[in-house]
Amino acid sequence: MKTYQIAALAGDGIGPEVMREAIQVLRGVEKAFGLSFAITEAPVGWAGIDAAGKALPDETLALCKRSDSILFGSVGLPDRDPTIPKEERPERAALLRIRKEFGLFANLRPVQLPKALAHACPLRPERQGDGIDLLVVRELTGGMYFGQPKKTETVSEGVQRAIDTMVYTTPEIERIAHVGFKAARLRRKKLTSIDKANVLENGILWREVVTRVGKEYPDVTLEHMFVDNGAMQLMLKPTQFDVMLCENMFGDILSDEAAALAGSLGMLPSASLGVTAGDQTFGFYEPAGGTAPDIAGKNLANPIAQILSCALMLRFSFGLKDASAAIERAVSVAIDSGLRTGDIYNPLDPKAIKTGTREMGAAITAAVRR
Ligand code: NAD
């Protein structure tokens, strides 16, 4: 039997609390599905600085390199971050370093709003249809954030000019398009490619390449949408989307807009994928939210984002579709039973039972079964 090697880096704030529940759920999945996970925990972020003087200690990085994937909590503490130079701070020294080290070029952010949590969504119920369920696939290493030249220069006295450059090559667009189409195949088989082909050269190339790659996926319906319309449609009719494929900056913005639809950061997992070797894709899985210092250590954090990150890991890195679906089902069971952490609690809902991190994790673990 294959043993999957998982590096579990809980980090700071609520990280350790939600990671503990996620690991319990993985243990439940192991039992229910006869799988074997070797989960090794290591410090990162301020926990890394306190343990070994660095946000990403050498031993932690070495563990990640030996592993099949990384399950990450979150890092950074606003009270402590300003006490050290910017480049040593956890988000830069750990998160960005890991992204670079492992060539994580694709970011996947599913947004799901179950019917039972309709109150948490800022949209009126009639705009939510039978529940919102979409996936933003964002290119993570190219485009405007990294293109050169990137500088601010003085043009004349008192006048400065800032330059950012949007650059994409055909292979960069092809590889993210393949990720998008493959993800759509695992879902409702529709892909909306987002661009600004009416204004940007990058948009024209993006549209051409995505259309060409799409021919390899005849079972997936492809449509193109300008980014401004995409932003509007997310508010008007989010249920029309299955997979939204975006370049880096558009994806950054639209994934946060889409995230708002789910009502709480505590519900949102994310995956960052690197290259595929054989049948396995190296991936980095984390909740979309941060360390939530305001609620850390109080048994108040919602562990669902971290637990759903495990489901993404099983699906995208290990190809364990059934086990992944079992985790998602178990989360639905817990929600349907009325359990709510504070961030998703609605005092007007007579069936809602306010619960803590531990209790929510235990209920989901108990519900994981074949
Ligand atoms: P945050 O996401 O930590 O918190 C924003 C709000 O969402 C808070 O009210 C928090 O209580 C709530 N929240 C977040 N996750 C929750 C959960 N699981 N359950 C219930 N409520 C939850 O953002 P912030 O306050 O801007 O940042 C706090 C720290 O986290 C900062 O140091 C920031 O740099 C860091 N951060 C790290 C990451 C990461 O590691 N990927 C991402 C974002 C922020």
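The values are calculated or read from the model by the stated rules, or taken from the named source; none is laboratory data. It should be emphasised that the depicted structure is a prediction, and the values quoted were computed from it without experimental measurement. Please note: Cβ atoms are built from the backbone with ideal geometry, for glycine as well, and neighbour counts cover all protein chains shown. Protein only, heavy atoms only, side chains kept; ligands, DNA and RNA dropped before computing areas. Shrake-Rupley method; radii C 1.70, N 1.55, O 1.52, S 1.80 Å.
Worth pointing out:
- Between Asn198, Ile173, Ala184, the Cα set farthest toward the positive side of the dipole of the range 122-261 (charges on each charged residue's Cβ, about the Cα centre) is that of Ala184.
- Inter-label distance, nm, simple model (7 Å from Cα along the C-beta direction), Arg80/Ala62: 2.3 nm
- Between Lys190 and Ala231, residue separation times 0.36 nm minus the direct Cα-Cα distance comes to 13.0 nm.
- Which listed pairs, of Lys189/Lys298; Lys100/Lys354; Lys86/Lys190; Lys115/Lys215; Lys115/Lys298; Lys151/Lys215, have C-alpha distances above 30 Å, in listed order: Lys189/Lys298; Lys100/Lys354; Lys86/Lys190; Lys115/Lys215; Lys151/Lys215
- Modelled spin-label separation between Arg370 and Asp294, with each label point placed 7 Å from Cα along the Cα-to-Cβ direction: 4.5 nm.
- Restricting the range 174-247 to GluC sites (Glu not before Pro) that sit in a DSSP loop and have at most 14 other Cβ atoms within 10 Å of their own Cβ leaves Glu216.
- FRET efficiency for Asp130 and Thr169, using Cβ-Cβ distance with R0 set to 51 Å, rounded to 0.05: 0.80
- Net charge of neighbours whose Cβ lies under 11 Å from the Cβ of Leu135, counting Lys and Arg as +1 and Asp and Glu as -1: +3
- Here the accessible area of the range 1-136 is 49 percent carbon and sulfur, with a 1.4 angstrom probe and all protein chains present.
- One equal scatterer on each Cα of the range 16-122, no solvent, Debye formula: the resulting log10 I(q)/I(0) at q = 0.11 Å⁻¹ is -0.48.
- Scaled against 2.2 N^0.38 Å for its residue count N, the alpha carbon radius of gyration of the chain is 0.99.
- Per residue, in Å², the accessible surface of the range 122-261 once ligands and nucleic acids are set aside, probe 1.4 Å: 49 Å²
- With a 1.4 Å probe rolled over the protein heavy atoms of all chains, the accessible area of Arg127, Arg370, Arg315, Arg329 falls in the order Arg370, Arg329, Arg127, Arg315, largest first.
- Extension gain, Lys215-Thr3: 0.36 nm per intervening residue step, less the Cα-Cα distance, totals 72.7 nm.
- Nearest-20 debye value, the chain charge dipole, Cβ charges on Lys, Arg, Asp, Glu: 960 debye
- Karplus-derived 3J(HN,Hα), 6.51/-1.76/1.60, for each residue of the range 365-370, Hz, glycine and proline x: 4, 5, 8, 6, 7, 4
- Projecting the Cα positions of Phe250, Leu61, Gly129 onto the charge dipole of the chain (unit charges on Cβ atoms of Lys, Arg, Asp and Glu, taken about the Cα centre) puts Gly129 furthest along the positive direction.
- Dimensionless Rg over Rh [the range 9-48; C-alpha; Kirkwood]: 1.07
- The range 122-261: C-alpha gyration tensor shape, a/c 1.5 cut-off, then a/b vs b/c: oblate
- Using the Cβ-Cβ distance between Ile204 and Lys182 with R0 = 25 Å, the FRET efficiency computed as 1/(1 + (r/R0)^6) comes to roughly 0.55.
- Span from the the range 211-270 Cα centroid across to the the range 1-61 one, whole angstrom: 30 Å
- Rounded to whole numbers, the Karplus 3J(HN,Hα) couplings from phi for the range 216-232 are 7, 10, x, 7, 9, 7, 10, 9, 10, 9, 5, 4, 5, 5, x, 4, 6 Hz, using 6.51 cos²θ - 1.76 cosθ + 1.60 with θ = phi - 60°, and x at Gly and Pro.
- With R₀ set to 25 Å, the beta-carbon distance separating Ala52 from Glu30 gives a calculated FRET efficiency near 0.25.
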